[in-house]
Amino acid sequence: MNINATLIGQAIAFAVFVWFCMKFVWPPLLGAIEERQKMIADGLEASDQAEKDLAVAQAQAAEQLKEAKAQAAEIIEQAKKRANVLVDEETQRGHSEREKIIAQGYAEIDAERNRAKEDLRKQVSALAIAGAEKILAREIDKDAQADIVAKLVDEL
Amino acid sequence: MASEYTTTEYIQHHLTNAVMCTTENGIAFNKACSDAGFWSWHIDTLLWSIGLGVLFLWVFTNAARKATTGVPTKGQAFIEMTIEFVNSNVKETFHGKNAVIAPLALTIFVWVLLMNLMDLVPVDILPSIAGFIGSSAFGMDPHDVYMKAVPTTDLNLTFALALGVFFLIIYYSIKIKGISGFVKELTMQPFNHWAFIPVNFILESVTLIARPLSLALRLFGNLYASELIFILIATLGLWQLPLHFPWAVFHILVLPLQAFIFMMLTIVYLSLAHEDH
């Protein structure tokens, strides 16, 4: 247990070990540890970010869905209105058509009746004249009474 | 316990280092080196400490080479745990920028821990193997083959570590504060007056020198004592069975603690050396 040259040998060995450790052991191992710590920190940060992004995206999707529903409802509403308008218009047109056709029929009937009346009046006047002629042939000059006959015809 | 020993001889045998030296007749061992003086080598201490140091560096370099930044293997995770442990201790204590302190602390912690753990190897195994090899391969008397396998029970090793730390303390003191700053620190504290310079110098020198001294002696004393008690327990015959176990369990705490204290004090001393008053 006396001090001897072993001291020198040990001191050299110690120095060499420390140098070796400093050169080849410590930097790569600590480097790996620190690198991994950084990677884990980055990963956690990225996952936080992704979570936030997801929440934003979900909110957006919900918003868009709501909008789409509202739009669809609006479109359906419009379509219903349009259909109602169309039906109303068609009905209106049908009505007016009918009125027109009926009015035309009445007009034709009137015209026909008037024409028949005219014919009848002419025939009646001719008949009356023929009758009056026969009655008056014997007593009255045909020409002298012509104005009276014409008056008669007018009155008919 | 070999039966032909007396207890005293047995204890002495287990606490003697294997020595190598050069004499006029070439390389000599053990008792032939008794008057070789300073230039003799404790080959068991050197062998075990360097072997364990190489083991430490081999394991850690392997881990460093295979280190990935992705999911670590269990082995890598264990190595990284050690690195993280040392790194957090260094960061808590030392606030400057220094590329040496952390690897130094790691080397001290793991290396001293490995050497301390040799204490848990049953005390007879390695000396017996060494004695067997010595007697069968070199024709030596097994009693003359020594093998003290716990390097930290050798003052040479603990002083080598402490002096390395001491050298760094002085180096960084001068590097950070300059020679004048370092001298001022030694002479103008704690009493800031020129008349007190000698008193201050004595006080501060004692403080400075006490650091490596206490580092070396604490580690040596703890390990030497625990090894001695392991050996004493081994002399008790059957009684060693119930006694050895609690003592060994106790050392699961003591051995890492001593390694940790050595590392921690190294960091503290070096961070003190970086502080400019």
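Of the residues A:ALA41, A:ALA50, which is under 55 Å from the mean Cα position of the chain (by Cα), part of a helix (DSSP H, G or I) and either within 14 Å of chain B (Cβ to nearest Cβ) or surrounded by 14 or more Cβ atoms within 10 Å (Cβ to Cβ) (or both)?
Numbers: A:ALA50 fails: either within 14 Å of chain B (Cβ to nearest Cβ) or surrounded by 14 or more Cβ atoms within 10 Å (Cβ to Cβ) (or both).
Step by step, each of A:ALA41, A:ALA50 is checked, and only A:ALA41 is under 55 Å from the mean Cα position of the chain (by Cα), part of a helix (DSSP H, G or I) and either within 14 Å of chain B (Cβ to nearest Cβ) or surrounded by 14 or more Cβ atoms within 10 Å (Cβ to Cβ) (or both).
Looking at region B:95-114 only, could you name the residues that are outside any loop (DSSP other than H, G, I, E, B) and either within 12 Å of the chain's Cα centre (by Cα) or over 18 Å from B:PHE60 (Cβ atoms) (or both)? Break it down stepwise before answering.
Kept after step one, since they are outside any loop (DSSP other than H, G, I, E, B), are these residues of region B:95-114: B:101-114.
The answer is B:THR107, B:ILE108, B:PHE109, B:VAL110, B:TRP111, B:VAL112, B:LEU113, B:LEU114.
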Tally time: how many residues in region B:111-140 are open to solvent by less than 60 Å² (accessible area, probe 1.4 Å), touching a helix residue (DSSP H, G or I) at 6+ places or on another chain (Cβ under 9 Å) and within 21 Å of B:PHE245 (Cα to Cα)?
-> 11
If you go through region B:122-139 one residue at a time, do you hit one that is of a type in the set (S, T, N, Q) and within 13 Å of chain A (Cβ to nearest Cβ)?
-> no
Looking at B:ALA273, is it closer than 30 Å to B:THR93 by Cβ, crowded, with 17+ Cβ neighbours inside 10 Å and small (Gly, Ala, Ser)?
-> yes
Check B:LEU117 against each of (1) assigned to a helix (DSSP H, G or I); (2) within 14 Å of another protein chain (Cβ to nearest Cβ); (3) hydrophobic (A, V, I, L, M, F, W, C) and name the one condition it does not meet.
-> (2)
Subset of region B:224-252, residues within 19 Å of B:THR6 (Cβ to Cβ) and under 18 Å from the mean Cα position of the chain (by Cα), comes to B:LEU228
From the residues in region B:1-13 that are assigned to a helix (DSSP H, G or I) and of a type in the set (S, T, N, Q), which one is surrounded by the fewest Cβ atoms within 10 Å (Cβ to Cβ)?
-> B:THR8
Filtered residues of region B:149-161 (kept if out of contact with any strand residue (DSSP E or B) (no Cβ under 8 Å at 6 or more places or on another chain) and within 10 Å of chain A (Cβ to nearest Cβ)) = B:PRO151, B:THR153, B:LEU155, B:LEU157, B:THR158, B:PHE159, B:ALA160, B:LEU161
Residues of region B:141-158 being buried (at least 16 other Cβ atoms within 10 Å of the Cβ) and not in a helix (DSSP H, G or I), which ones?
-> B:VAL145, B:TYR146, B:MET147, B:LYS148, B:ALA149, B:VAL150, B:ASP154
Identify, by number, the condition in (1) under 26 Å from B:VAL19 (Cα atoms); (2) part of a loop (DSSP other than H, G, I, E, B); (3) not aromatic (Phe, Trp, Tyr) that B:ALA137 doesn't meet.
-> (2)
Check B:GLU204, B:GLU227 and return the single one that is open to solvent by less than 80 Å² (accessible area, probe 1.4 Å), charged (D, E, K, R), assigned to a helix (DSSP H, G or I) and in contact (Cβ under 8 Å) with a residue 24 or more places away in the chain.
-> B:GLU227
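Among the residues of region B:207-216, what is the count of those that are surrounded by fewer than 16 Cβ atoms within 10 Å (Cβ to Cβ) and within 30 Å of B:ILE11 (Cα to Cα)?
To start, the set of residues in region B:207-216 that are surrounded by fewer than 16 Cβ atoms within 10 Å (Cβ to Cβ) comprises B:207, B:209-210, B:213-214.
Subsequent filtering for residues that are within 30 Å of B:ILE11 (Cα to Cα) retains B:213-214.
Selection size over region B:207-216: 2.
Just one of B:PHE196, B:PHE220, B:PHE191 is surrounded by 17 or more Cβ atoms within 10 Å (Cβ to Cβ) and among the aromatic types (Phe, Trp, Tyr); which is it? Please lay out each step first, then the result.
Working: B:PHE196 fails: surrounded by 17 or more Cβ atoms within 10 Å (Cβ to Cβ); B:PHE191 fails: surrounded by 17 or more Cβ atoms within 10 Å (Cβ to Cβ).
When all the criteria are applied, what remains is B:PHE220.
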Scan region B:237-256 for residues that are under 12 Å from B:SER226 (Cβ atoms) and exposed (fewer than 15 other Cβ atoms within 10 Å of the Cβ) and jot them down.
-> B:PHE250, B:ILE252, B:LEU253
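The values are calculated or read from the model by the stated rules, or taken from the named source; none is laboratory data. Every value quoted in this text rests on a predicted model; they were computed, and no experiment measured them. No Cβ is skipped: glycine too gets one built from the backbone with ideal geometry, and neighbour counts run over all protein chains shown. Accessible surface areas use protein heavy atoms only, side chains included; no ligands, DNA or RNA. Shrake-Rupley method; radii C 1.70, N 1.55, O 1.52, S 1.80 Å.
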